[in-house]
Amino acid sequence: MFDITGKKPLVTGGSRGIGRGIAVCLAKQGAEVAVNYRSNAEEAERVVREVRDLGRETFMVQADVSKKEEVIRMFGEIRDHWGKLDILVNNAGILRMASFEEIKEEDWDAVLDTNLKGQYLCAQEAIKLMGSGSKIINISSIASGGVGMGSSHITHYVASKGGVVALTEGMAVDLAPKGINVNVIAPGLIETDMTQSFLADEKVKAGFLAKIPKGRAGKPEDIGAAAAFLASNEADY
């Protein structure tokens, strides 16, 4: 696919779902991978074993990306381990479902702080370890508000992911003179732990699949392949 041999990426939220798919795909293309997790060390260790079985160097770093002090600590660990960072995949995210009129302020804050502020915090620390040719890949969603695929009961999630698209545009302009490329991936429906709860409802699942021309949900590896391209020299422009 795309050769990123020896590159050093950090994948936030890399212990499961899309993050795991990206981490493993980057490793398959030759990268060493730092796997971030917030609370489930066991799942992160499983991903680390998968990457190590591919013959790549890997390690796990714990941090809640919504908390600045934890983000600073995480990038300090990366600096101590590698001395630099080539690729940041801003993937960590959460989903809390509620109708708009029932969204609690603490849930609004949790979703926006993790899904949007977390990407800003991680990117600000990452660029301190990056040189020209580095890549930042932000993960948004097809439910980001601008493509007509919004869904009910996730207004706060939609707002956060729409913010990621706008954040990426601003970052790309500001960081291009430094030789750092910034792109965004907006996945559609992907089979992950996060989506299992509503895909278990056959009526809801059928409604989602009716909007997808291929007639199936995506897999984390599908997003991993897109990330591998954006992380490679082939995506330098």
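Out of all the residues in the stretch 58-116, which are touching a Gly at 6+ places or on another chain (Cβ under 9 Å), surrounded by fewer than 21 Cβ atoms within 10 Å (Cβ to Cβ) and in a helix (DSSP H, G or I)?
Passing the criteria: only Leu112.
Does Ala217 satisfy the criteria of being under 19 Å from the mean Cα position of the chain (by Cα), open to solvent by less than 60 Å² (accessible area, probe 1.4 Å) and within 30 Å of Ile127 (Cα to Cα)? Explain how you work it out, then say what you get.
Details: under 19 Å from the mean Cα position of the chain (by Cα): yes; open to solvent by less than 60 Å² (accessible area, probe 1.4 Å): yes; within 30 Å of Ile127 (Cα to Cα): no.
No.
So Lys7 fits all but one of (1) outside any helix (DSSP H, G or I); (2) touching a Lys or Arg at 6+ places or on another chain (Cβ under 6 Å); what number is the exception?
Every condition holds for Lys7 apart from (2).
Pairs under 7 Å by beta carbon, first residue modelled with pLDDT of 95 or more in the stretch 119-133, partner open to solvent by less than 30 Å² (accessible area, probe 1.4 Å) and among the aromatic types (Phe, Trp, Tyr), six or more apart or different chains?
Going by the 7 Å Cβ cut-off, the qualifying pairs are Glu125/Phe75; Ala126/Phe75; Leu129/Phe75.
Would you mind telling me which numbered condition in (1) over 24 Å from Ser144 (Cβ atoms); (2) open to solvent by 20 Å² or more (accessible area, probe 1.4 Å); (3) not in a strand (DSSP E or B) Val48 fails?
Checking Val48 against (1) over 24 Å from Ser144 (Cβ atoms); (2) open to solvent by 20 Å² or more (accessible area, probe 1.4 Å); (3) not in a strand (DSSP E or B), the one that fails is (2).
Out of all the residues in the stretch 1-30, which are of a type in the set (D, E, K, R) and either open to solvent by less than 30 Å² (accessible area, probe 1.4 Å) or within 19 Å of Met130 (Cβ to Cβ) (or both)?
Keep residues of the stretch 1-30 that are of a type in the set (D, E, K, R), which gives 3, 7-8, 16, 20, 28.
Matches in the stretch 1-30: Lys7, Lys8.
Determine whether the stretch 165-176 contains at least one residue that is in contact with a helix residue (DSSP H, G or I) (Cβ under 9 Å, 6 or more places away or on another chain) and either farther than 26 Å from Ala63 by Cα or small (Gly, Ala, Ser) (or both).
Residues of the stretch 165-176 in contact with a helix residue (DSSP H, G or I) (Cβ under 9 Å, 6 or more places away or on another chain): 167-168, 171, 175.
Subsequent filtering for residues that are either farther than 26 Å from Ala63 by Cα or small (Gly, Ala, Ser) (or both) retains none.
No, because not a single residue in the stretch 165-176 is in contact with a helix residue (DSSP H, G or I) (Cβ under 9 Å, 6 or more places away or on another chain) and either farther than 26 Å from Ala63 by Cα or small (Gly, Ala, Ser) (or both).
I'd like the full set of residues that are part of a helix (DSSP H, G or I), farther than 21 Å from Ser15 by Cβ and open to solvent by less than 70 Å² (accessible area, probe 1.4 Å), limited to the stretch 184-204. Working first, answer last.
Let us first name the residues in the stretch 184-204 that are part of a helix (DSSP H, G or I), namely 193-199, 202-204.
Then drop every residue that is not farther than 21 Å from Ser15 by Cβ, which leaves 198, 202-204.
Phe198, Val204, listed by residue number.
Report every pair of residues separated by at least 6 positions or lying on different chains whose Cβ atoms are under 7 Å apart, first residue within the stretch 39-56 and over 21 Å from Glu70 (Cα atoms), second basic (Lys, Arg) and open to solvent by 60 Å² or more (accessible area, probe 1.4 Å).
Leu54/Lys28
Considering only residues that are in contact with a Leu (Cβ under 9 Å, 6 or more places away or on another chain) and under 21 Å from Leu116 (Cα atoms), which ones fall in the stretch 35-69? Before you say what the answer is, go through the steps one by one.
The first filter runs over the stretch 35-69 and keeps only residues in contact with a Leu (Cβ under 9 Å, 6 or more places away or on another chain), leaving 35-36, 51, 56, 61, 65-68.
Those that are in contact with a Leu (Cβ under 9 Å, 6 or more places away or on another chain) and under 21 Å from Leu116 (Cα atoms): Val35, Asn36, Val61, Val65, Ser66, Lys67, Lys68.
Out of (1) closer than 20 Å to Ala228 by Cβ; (2) under 15 Å from the mean Cα position of the chain (by Cα), the odd one out for Lys8 is which?
All conditions are met except number (2).
Would you point out the residue of the stretch 136-168, among those that are modelled with pLDDT of 95 or more and more than 16 Å from the chain's Cα centre (by Cα), that is surrounded by the most Cβ atoms within 10 Å (Cβ to Cβ)?
His156
So which residues in the stretch 205-233 are of a type in the set (A, V, I, L, M) and either in contact with a helix residue (DSSP H, G or I) (Cβ under 7 Å, 6 or more places away or on another chain) or not in a helix (DSSP H, G or I) (or both)? Lay out the reasoning, then the answer.
From the stretch 205-233, those of a type in the set (A, V, I, L, M) are 206, 209-210, 212, 217, 223, 225-228, 230-231; that's our starting set.
Hits for the stretch 205-233 are Ala210, Ile212, Ala217, Ile223, Ala225, Ala227, Ala228, Ala231.
The values are calculated or read from the model by the stated rules, or taken from the named source; none is laboratory data. Everything quoted here is computed from the prediction, not taken from an experiment. Backbone-built Cβ (ideal geometry, glycine too); neighbour counts: all protein chains shown. The accessibility values were calculated without ligands, DNA or RNA, using every heavy atom of the protein model including side chains. Shrake-Rupley method; radii C 1.70, N 1.55, O 1.52, S 1.80 Å.
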